[in-house]
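This is the structure I have questions about; it appears just below.
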Amino acid sequence: MTMAAGSRRPDASPADPKDRQPGKMRAAAALVVANAAVVLTAEFLVRLAVAIASQSLQPFAYGFNRDLALAFDMQRITTPRVYDRGAPDRRYLSASDSGAPRAPENPEMHVAAFGGSTTAGYSCSSAASSWPDELGKVRPEWRVANRGLSGTNSDVAFDQLQILLQRDEAPDLVLWANWINEVDVAFVGLRSNRQWIELVRPDLASLQPAGNGSAIGLWLRGSETLAQLSLGYALFREAVTRLTRNRNAGVAQEGVIDPRLAELAVLNYRLNLEKASDLAKQHGFRLIVVRLPTNWARWEQAMSPENTHFVRHWDSLMVRTLQGSLDLPIIDTHRSYEVREDTAELFCDTVHQTLRGHELLADLIVAGVDSIYSSGRYSDP
């Protein structure tokens, strides 16, 4: 007997969903592998392009060697370069940071300078140098290591200091020059110290950042670990940060930024500085805070009035905190800049300096270190 068209055989059964699972899993795995291949290929091409542009193989070691850092000319993001803060590229760093072991018969003072792009240097041009490099030229007997990392604050500086100590590479003197990037906490939120701040100042910990608070914005600014591993991501993040800098700087044009966010940023800085001070006592190195200068005239031109008012308020809180509640020596270079008439020639923007500015900073910091040591606060360098 023939079966009617469209009828189903009695022994036929619907396909079991479980039978389709292996196929779906294979397809998902293939998609993951394909995406990973695309990402790795893109990362390789980025490293190859930077290596060709900079005529160096160091971009291929980025992420594997934690001493490697990314640097740009401030005006030209199209000229990135990778340099080794532990064994410096002679084109960019001074001869004083040689990484050579100290000879007992001719002891040197090992100085580590921590900070953001204002310490890393070379932001105005490839000839702008940095103040740590100029410091090594003024005092060639000092072995100066430039540990500045663009776009970072004291959260990252403290992490980097811990890495040095874990490697048994404690310096004799740490110059803690984190400053302007500390205010980023007010605009993008906390990266470290959240649990402690929630305990002691829950009113501050609960504040919403004043800047670009979207998830992608915070991810772009906050994923420091990924930026230290992927050269492609580090370049992408830098480009996005520059494109959104002016927009984020003027976020308060329609209202006043909550002044308590300035307190939050200062408290985060103070916690990191206190932790660094504790490490100094434990490991026997000296710690000096350096306040780097700000070109407020250019800041007022570049930023909104609300932003300028807020950042100036934050800056004054930082100064009062250092002067009133922390028993640490301070070199305040900004005060020297306030009385100069050639300030415009020392900066290329609001905070980054030219070669002449970095030479002046080096002179001021050397004078400050000498004064602190000669006062008996520390033994002679």
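Computed from the coordinates by the stated procedures, all read-outs in this text should not be read as laboratory data. Keep in mind the model is a prediction, meaning the values are calculated, not measured. Here the Cβ is made from the backbone with ideal geometry for all residues, glycine too, and neighbour counts use every protein chain on show.
Select from region 282-381 those trypsin sites (Lys or Arg not before Pro) which occupy a DSSP coil region and have at most 12 other Cβ atoms within 10 Å, ordered by residue number. Don't skip to the answer; put the middle values down first.
On the way: sites: ARG286, ARG291, ARG298, ARG312, ARG320, ARG335, ARG340, ARG356, ARG377; in loops: ARG340, ARG377.
Passing sites in region 282-381 are ARG340, ARG377.
Can I ask one more? Using θ = phi - 60° and the Karplus curve 6.51 cos²θ - 1.76 cosθ + 1.60, what whole-Hz ³J(HN,Hα) does each residue of region 120-137 get, with Gly and Pro shown as x?
My calculation for region 120-137 gives 4, x, 6, 7, 7, 5, 5, 9, 6, 6, 8, 5, x, 5, 5, 4, x, 6 Hz in order.
Round to the nearest 0.05 the FRET efficiency obtained for ALA302 and LYS24 when R0 = 56 Å and r is the Cβ-Cβ distance.
Values: r = 53 Å, r/R0 = 0.95.
Efficiency, rounded to the nearest 0.05: 0.55.
While we're here: Taking the beta-carbon count within 10 Å as an exposure proxy, list THR41, THR321, THR294 from fewest neighbours to most. Can you show the working numbers first?
On the way: THR41 10, THR321 16, THR294 20.
Exposure proxy ranking, most exposed first: THR41, THR321, THR294.
Right, here's the next one. Set the Förster distance to 25 Å, then compute FRET efficiency between GLU169 and ALA42 from the Cβ-Cβ distance, nearest 0.05.
Details: r = 34 Å, r/R0 = 1.37.
About 0.15, to the nearest 0.05.
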